[in-house]
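Inspection log for the structure reproduced underneath, given as structure tokens.
Laboratory data are not the source of any read-out in this text; all were calculated from the coordinates shown. This structure is a prediction, so every number in the text was calculated from the model and none was measured. All Cβ positions, glycine included, derive from the backbone under ideal geometry; neighbour counts span all protein chains shown.
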Amino acid sequence: MMNTTMEGLVLAGILFVLGLISMLIRRNIIFMLISVEIMLNAAGLAFIVAAARWGQPEGQVMFMFILAMAAAEVSVGLALILQIYHQLKTLDSDEASKMRG
Amino acid sequence: MQWIYLIPALPFLGALLLVLASGRIGKTGVTLIGCGSVGIAALVTIVAGLQFMNSGQAGYVQHLWDWVSIGTFRIGMDLRLDALSLVFTFVITFVGFLIHVYSTGYMADDPDFARFFACMNLFVGAMLLLVLGDNLLLLYFGWEGVGLCSYLLIGFWYKDPANGAAARKAFIVTRVGDTAMAIALFLLVQHTGSLQLGTVLARAQELWTTGDPTVVLIAFLLLGGAVGKSAQLPLQTWLPDAMAGPTPVSALIHAATMVTAGVYLIARTNALFVLSPSAQAAVAIVGAITLLLAGCSAFVQTDIKRVLAYSTISQIGYMFLALGVGAWSAAIFHFMTHAFFKALLFLGAGAIIVALHHEQDMFKMGGLRKSLPGVFLVFLIGSASLAALPFVTSGFYSKDQIVWLAGAAAGGNAFYSLAAVLGAFITAAYTARMIFLVFFGQEKTHVHHKPGPVMMAPLYILAVLSTLAGFIELPHTLGHLTLLSDFVSPVLPGVVTVHGGVALEWGMQALTLGLVALATWLAWRLLAAPFPDGLKQFLKNGWGFDDAYNVMFVQPFVKLAKINRRDVIDKIYTGLAAVTRGFHRAMSATQSGILRWYVMGIVMGAVIILSVIIWREYAV
């Protein structure tokens, strides 16, 4: 039981870091969106593992919330990406840096 | 007597009207309001004065309204008519009125006619408030008011920067004294809990024994105020420069009235000075030294108005000397006669200056005896009075009293006597020199127009007063009349004579007569004689006081100001602003718009926070 928890958390951590790295090095906005999804799911996995460890249902409930939020986020995100592409004719996120402070 | 509030109110009203209506009422209107307000005030003074003398009261106080009322501390808008304030009020309104009339002639061609009369009326009002105020705060109000008017009128012809500088100098130098006086008032409030004159003086006698350090300090601070206003040592430097103003201003403010405010202050607070003998001795010493120094300076001046300015300083020195030895009424007597003859001399000098097309240098005058006979006559009368020509002039009776009492009074001694006699000698000498230079010898500048009747009439009236005013108080040796000292005796303590008697007075009078004759002869002889140039320059510049103050105070101050020109103190605040702006720049640079940098920022933040938490959990 202990081992499974540890392994699950390590897997979640690896997934999160992978998502983070690809978020940092990718310039294509669609890939960045996918990276965000990976990180979200890594966080969800950590919730599930923790819930299984303590035998509590809240972790699974939290993951459902994350799924719902992720669906909404993806739809808004894709709509924004479409708009960016319409405006800039590119998907390079560095090109969309006109709003400086 | 219930009308006395009109005395200061009328000139104030006149000033207000002239300011509001300037340019709309024409010269006639300005003349009517300007002279009329002071003239009616003079009439009210005479009527109130007669009523007061008939009533036999020691003092009449009129309560107008409460000015300040905080808990038990109350300051009323109260006017006080008693012997002392009546003498001052009479001189201010009456001489003031004559000078106003004269000014309508003197200033006739000036484009700022209305502004001149507005300032003059304001001055008369403030001065009347000074002498009529029943509490020291009202006195201080008038005191600052006359200072303001003095500033406005010295710098009246403001287009010349030198006049503005003279005005500022007068204002700043007197401010030194005013600060001392303000501190004295604070101390009086702290210790006696009141500023009402009667209460303060009565409480002072209960609170303090003679020579108590507190009362000595207060008396010295009051003396500081008096010294500043009355141009006595060491704050006398402003008065000669104050001659930059129009001549009627010099006559009214810088000879007859304002500069004697210090004399009034000391006479008014006489109880405090009686309680502090050292301060009273300081008054006498200041007076004695000032009268000698200023007299010597007057002897070498070339500008006729500067001669009269130094002469004024010197004569006020006599008044201080009289106050210092305890001859209170003698000081007031000399104040009165001095107001008459010095106003006469200044107005006479003004008539000459106008006649010679604004020429003030005495060495460019000469021989005016024939071309200006009327002015010569009145100027001679004024000069005789200033030089204390025995028996026929008012100056003789008032100055003789001081000369005698400087030695004979309780606080007097041989040094004061000597100073007074020597001062009389110097006075006669510079007066004679002035007369010889201006009216005798060759005519050097042509008289281009003679003063009209509106200027001559006040001169004649003042000439009569300069002669007759002396006869209200005659010395022991000559009839012994004491009208004035009897009149002011309810307010001012009588003089106590201890040394010498009538014989001494005879001796003093004979000596004075001899010295006046000698001085006149000497002045005549010295006129052509060469005078050591260095000494002459030194005396002419008023014993180098200006230079000394320049080195001691003005230059260090200017240096400080120069350093602070770069706003050293403000560096803290400008530095704070610069740091804030720097932070702002750094922060706004992070807003690059590049998404991945933001993500990096979030990651770094999370890493740092996590590190801190982990370190706190496990490192300990």
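Table for the structure above
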{"quantity": "Residues of the stretch A:67-91 that turn out to be out of contact with any strand residue (DSSP E or B) (no Cβ under 9 Å at 6 or more places or on another chain) and outside any helix (DSSP H, G or I), as a count", "calculated": "2"}
{"quantity": "Residue in the stretch A:61-76 that is surrounded by 13 or more Cβ atoms within 10 Å (Cβ to Cβ), closer than 24 Å to B:Q591 by Cβ and within 14 Å of chain B (Cβ to nearest Cβ) present", "calculated": "no"}
{"quantity": "Selection within the stretch B:339-396 - basic (K, R) and either crowded, with 24+ Cβ neighbours inside 10 Å or within 14 Å of B:A255 (Cβ to Cβ) (or both)", "calculated": "B:K342"}
{"quantity": "Index of the failed condition, B:Q2 passing every other in (1) under 12 Å from B:L81 (Cα atoms); (2) part of a helix (DSSP H, G or I)", "calculated": "(2)"}
{"quantity": "Count of the stretch B:564-612 residues which are closer than 30 Å to A:K98 by Cβ and in a loop (DSSP other than H, G, I, E, B)", "calculated": "4"}
{"quantity": "Residue match in the stretch A:11-32 (condition: touching a Gly at 6+ places or on another chain (Cβ under 6 Å), under 21 Å from B:I594 (Cα atoms), within 14 Å of another protein chain (Cβ to nearest Cβ) and of a type outside the set (D, E, K, R))", "calculated": "no"}
{"quantity": "Selection within the stretch A:84-101 - more than 14 Å from every other protein chain (Cβ to nearest Cβ) and exposed (fewer than 10 other Cβ atoms within 10 Å of the Cβ)", "calculated": "A:H86, A:K89"}
{"quantity": "Output for the stretch B:385-400, where each listed residue is over 23 Å from the mean Cα position of the chain (by Cα) and on the phi < 0 side of the Ramachandran plot", "calculated": "B:L389, B:P390, B:V392, B:T393, B:F396, B:Y397, B:D400"}
{"quantity": "Tally, over the stretch B:561-620, of residues that are away from chain A (no Cβ under 14 Å) and at positive phi", "calculated": "1"}
{"quantity": "Members of the stretch B:538-553 found to be outside any loop (DSSP other than H, G, I, E, B) and surrounded by 12 or more Cβ atoms within 10 Å (Cβ to Cβ), listed by number", "calculated": "B:F538, B:L539, B:K540, B:F545, B:D546, B:D547, B:A548, B:Y549, B:N550, B:F553"}
{"quantity": "Of residues in the stretch A:34-60 being within 11 Å of another protein chain (Cβ to nearest Cβ) and among the aliphatic types (A, V, I, L, M), the one nearest to A:D94 (Cα to Cα)", "calculated": "A:V36"}
